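Note sheet for the following structure.
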Amino acid sequence: MRSVVKHRLFWPVAALVSLIVINSVARPRFASIVVQDGRLYGALIDILRNSAPLLLVSLGMTVVIATRGIDLSVGAVMAVSGAVALTIIDDSTVANSLGSVLVAVAAAVLVSLVLGVWNGFLVSALGIQPIIATLVLMLAGRGVALLITGGFITTVNSTPFEFIASGYVLLLPFAFFISVAAIAVVGLTERRTALGVLTEAVGINPEASRLAGVRARGIIWSAYAASAVLSGIAGIIYASNIKAADANAAGQFIELYAILAVVLGGTSLMGGKFSVAGTVVGVLIIQTLESTILFLGVPSAQSPVFFAFVVMVVVIVQSPRLHSVVRHLFHVVRSRRASDSTRDVETAI
Amino acid sequence: MTTLERVGSTRESTGGYYHTFLSRHASILPTFAAVAILILLFIGAEIFLRGNFISPGNISALLLDNAYLLILAVGMTFVIVTAGIDLSVGSVMAFTGIWLAKMLEAGTSPAIAIPASLIGGALVGLLIGTLVQFFDVQPFIASLAGLFLARGLAFVVSLSSIKVETESVLWLQSTRIRVGAWYITPTGILALLVVAAGAYAMQYTRFGRTTYAVGGNRQAALMGLKVARTTVAVYVISGVCGGLAGLVLTAYSGAGYPRNGVGTELDVIAAVVIGGTLLTGGRGYVVGSLVGVYVYGTIKSIISFMGAEQSWTQIVIGALLLLFIGVQRAIVARSDRRT
């Protein structure tokens with residue numbers, strides 16, 4: 001029992017389970033899943049489907065944060081990626097053909113990779129602080145996206161493209177399979193190869209890992225590239241969901257929610273040890289909370305207030321000062337109890 | 001021969017003076033670079049737009065249009081000099097602006113509503129400062145919580161915009177004090193007063209020196225400086241500046257709007273960095289941020305003069321930010337090597 005409570009995923013999972021239980025009690029429909037036309041429907045399925053973009057972005061953010069970095073440009077990369085994909089589909093003569101959609105998706109991912117390589121270059125080759133290096137692209141990226149779409153919101157009607165966000169495969173949403181694939185790829189490369197250990201080494205002590213022969217530069221560089229590629233795919237899913245490329249709204253605030261998901265999952269912002277599973281749980285907590293807030297009848301624009309309190313509770317619970325205060329109180333109580341019991345023994349004698 | 005020698009010696013002495021100046025004032029060089037960029041921008045725009053750009057009306061409008069940004073930049077300078085960052089400023093501006101509009105709509109006197117909205121901004125800053133100082137939360141995350149809180153509260157106050165019809169608030173914007181073709185509004189005067197107060201506090205008070213010390217070295221507490229109080233105070237100052245900016249923006253647009261200032265924190269950080277404040281803390285000038293805001297505003301108005309897409313503003317600012325970070329790194333590396 002003790003080892004279960006001590007596990008680092010215990011508190012995130014407990015939070016997620018209690019959210020789901022509270023929801024299921026408050027509205028029985030929350031847990032129900034119905035099959036209709038060979039598709040599953042229900043609030044839980046919606047959470048799985050809607051969480052795909054945030055999940056992809058958060059996975060990339062986890063790896064970047066593990067290297068002691070941060071990637072603020074993820075939302076801007078999403079906007080650029082969506083703009084590239086939709087502009088290509090819009091310009092192609094047959095918007096409904098699978099071929100042009102595949103070309104558009106490939107081009108969007110490639111452009112995202114280039115943006116990630118740029119971020120990685122600024123951080124690892126030029127040695128600029130990650131916050132500032134990615135701030136440059138965060139500022140300029142949306143401008144680039146607006147230029148690509150010509151300042152308009154490009155809309156398309158393309159069945160293969162819409163399938164990405166709203167299609168179903170084997171009863172489940174296609175977007176869910178993209179999430180699973182991304183978790184598998186990131187999880188396997190980071191946890192079944194030495195890459196994860198090297199990433200943590202770079203995050204814990206860059207200088208020591210360099211002296212130990214770890215190629216920190218390449219690892220940091222690839223972290224930013226991976227983050228941008230995942231954000232690019234997230235941008236495609238987002239664009240497919242609204243059937244449009246909205247350079248201003250795509251991925252707005254997503255960097256903040258992604259950082260929150262990573263922190264909720266127990267990965268420290270100081271770099272080093274990271275948990276892919278924790279991030280997945282963190283994303284699900286955020287998405288369930290969002291669904292709960294909507295159910296409570298609170299306008300979604302007001303939901304940041306709830307997330308502000310979540311952030312504050314999480315950071316205060318994690319803070320060293322609170323830990324030392326709690327430990328101190330614990331000691332006081334224990335020593336008082338100990339002295340009480342000795343007194344009991346003395347009186348008995 | 002003698003003349004040659006004399007030329008040689010004077011060159012050496014001016015060179016020596018130059019080096020002394022460089023090593024003593026290395027931290028002011030980025031601000032000089034910003035001034036140079038600003039002058040180049042003005043000259044370039046004047047030539048490119050065939051003498052239509054530099055006019056008293058345009059220069060006056062620059063201050064009027066960017067007054068809220070200037071006020072936010074002053075608060076941000078304090079925070080960044082302590083090696084912190086405040087992402088909440090845009091949201092705080094939106095929250096205090098819409099709350100002010102709501103109170104005025106309900107018939108509250110401006111004499112109560114304006115101080116109340118400033119206190120609202122200060123409380124958000126106090127919260128961030130407390131998290132940073134007493135719970136060891138990174139400034140980035142603490143101010144992120146502030147951003148979420150203030151943005152959500154703005155929408156709690158009202159989901160749509162609220163028109164302001166109170167004479168005394170609109171007066172701040174509509175009054176034009178004219179000197180020839182030049183003019184200044186009370187909002188512009190307010191912004192310049194904030195800059196003057198900020199610059200004075202930074203350079204000539206114990207608080208200002210502590211601010212620099214905190215950013216330069218966290219161990220400054222050992223020297224008997226009040227680190228905790230100063231760290232919390234800079235976030236409160238930034239929050240109050242957010243409140244003032246909310247007032248100015250409400251007067252400027254004649255309404256409170258909960259969606260105001262989305263992404264403004266980035267513009268403010270960019271302006272402060274371009275103005276020569278180092279994000280690693282310990283170096284920076286409030287007057288530099290004034291220059292930075294002017295660079296930002298000038299680029300914006302040049303682009304609108306040229307009739308180009310406003311999205312170019314973001315791209316140019318991004319590029320300029322990168323350039324300045326490069327310049328600063330070079331200067332810091334040089335001055336570090338010297339000491």
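The values are calculated or read from the model by the stated rules, or taken from the named source; none is laboratory data. This is a predicted model, so every value here is computed, not measured. A quick note on method: Cβ atoms are made from the backbone with ideal geometry, for glycine too, and the neighbour counts reach across all protein chains shown.
Got a sec? Which helices (runs of 4 or more DSSP H) wholly within the range A:234-327 have at least 2 residues that are out of contact with any Cys (no Cβ under 8 Å at 6 or more places or on another chain) and more than 19 Å from A:SER51 (Cα to Cα)?
Where helices (runs of 4 or more DSSP H) fall fully within the range A:234-327 and carry at least 2 residues being out of contact with any Cys (no Cβ under 8 Å at 6 or more places or on another chain) and more than 19 Å from A:SER51 (Cα to Cα), they are A:304-318.
Scan the range A:231-284 for residues that are surrounded by 22 or more Cβ atoms within 10 Å (Cβ to Cβ), touching a Ser or Thr at 6+ places or on another chain (Cβ under 7 Å), at pLDDT below 90 and farther than 22 Å from A:THR189 by Cα and jot them down.
Matches in the range A:231-284: A:ALA245, A:ALA247.
Answer yes or no: is there a residue in the range A:116-125 that is among the aromatic types (Phe, Trp, Tyr), over 28 Å from A:GLY218 (Cα atoms) and within 14 Å of chain B (Cβ to nearest Cβ).
No: the range A:116-125 contains no residue that is among the aromatic types (Phe, Trp, Tyr), over 28 Å from A:GLY218 (Cα atoms) and within 14 Å of chain B (Cβ to nearest Cβ).
In the range A:58-114, how many residues are part of a loop (DSSP other than H, G, I, E, B) and not aliphatic (A, V, I, L, M)?
Of the residues in that region, 9 qualify.
Just to verify a result, which residue in the range A:27-71, among those that are under 16 Å from A:LEU284 (Cα atoms) and free of Cβ contacts under 8 Å to residues at least 40 places away in the same chain, is surrounded by the most Cβ atoms within 10 Å (Cβ to Cβ)?
A:LEU44
Inspect all residues belonging to the range B:281-298 and state whether any of them is over 30 Å from A:ALA125 (Cα atoms) and over 14 Å from the mean Cα position of the chain (by Cα).
Checked against the condition, which is being over 30 Å from A:ALA125 (Cα atoms) and over 14 Å from the mean Cα position of the chain (by Cα), the range B:281-298 yields at least one hit.
Whether any residue in the range B:133-151 is within 13 Å of chain A (Cβ to nearest Cβ) and farther than 24 Å from A:MET270 by Cβ is what I want to check.
Checked the range B:133-151: at least one residue is within 13 Å of chain A (Cβ to nearest Cβ) and farther than 24 Å from A:MET270 by Cβ.
Whether any residue in the range B:301-313 is closer than 30 Å to B:VAL214 by Cα, crowded, with 21+ Cβ neighbours inside 10 Å and within 13 Å of another protein chain (Cβ to nearest Cβ) is what I want to check. Steps first, answer last, please.
Pass one, the range B:301-313, residues closer than 30 Å to B:VAL214 by Cα: none.
No; the residues of the range B:301-313 include none that is closer than 30 Å to B:VAL214 by Cα, crowded, with 21+ Cβ neighbours inside 10 Å and within 13 Å of another protein chain (Cβ to nearest Cβ).
Looking at the range B:39-106, what helices (runs of 4 or more DSSP H) fall wholly within it and have at least 2 residues that are modelled with pLDDT of 90 or more and buried (at least 24 other Cβ atoms within 10 Å of the Cβ)?
Numbers: elements: B:56-65, B:67-81, B:89-105.
Hits in the range B:39-106: B:67-81, B:89-105.
Just checking, how many residues over the range A:159-194 are out of contact with any helix residue (DSSP H, G or I) (no Cβ under 7 Å at 6 or more places or on another chain) and of a type in the set (A, V, I, L, M)?
9
In the range B:162-196, how many residues are touching a residue at least 60 places away in the same chain (Cβ under 8 Å), surrounded by fewer than 17 Cβ atoms within 10 Å (Cβ to Cβ) and under 30 Å from B:GLY129 (Cα atoms)?
1
Given the options A:GLY141, A:GLY203, name the one that is part of a helix (DSSP H, G or I) and within 14 Å of chain B (Cβ to nearest Cβ).
A:GLY141
If I ask for residues that are in contact with a helix residue (DSSP H, G or I) (Cβ under 7 Å, 6 or more places away or on another chain) and at positive phi, which ones from the range A:200-247 would you list?
Across the range A:200-247, the qualifying residue is only A:LYS243.
In the range B:167-190, is there at least one residue being assigned to a helix (DSSP H, G or I), touching a helix residue (DSSP H, G or I) at 6+ places or on another chain (Cβ under 7 Å) and within 13 Å of chain A (Cβ to nearest Cβ)?
No, the conditions are met nowhere in the range B:167-190.
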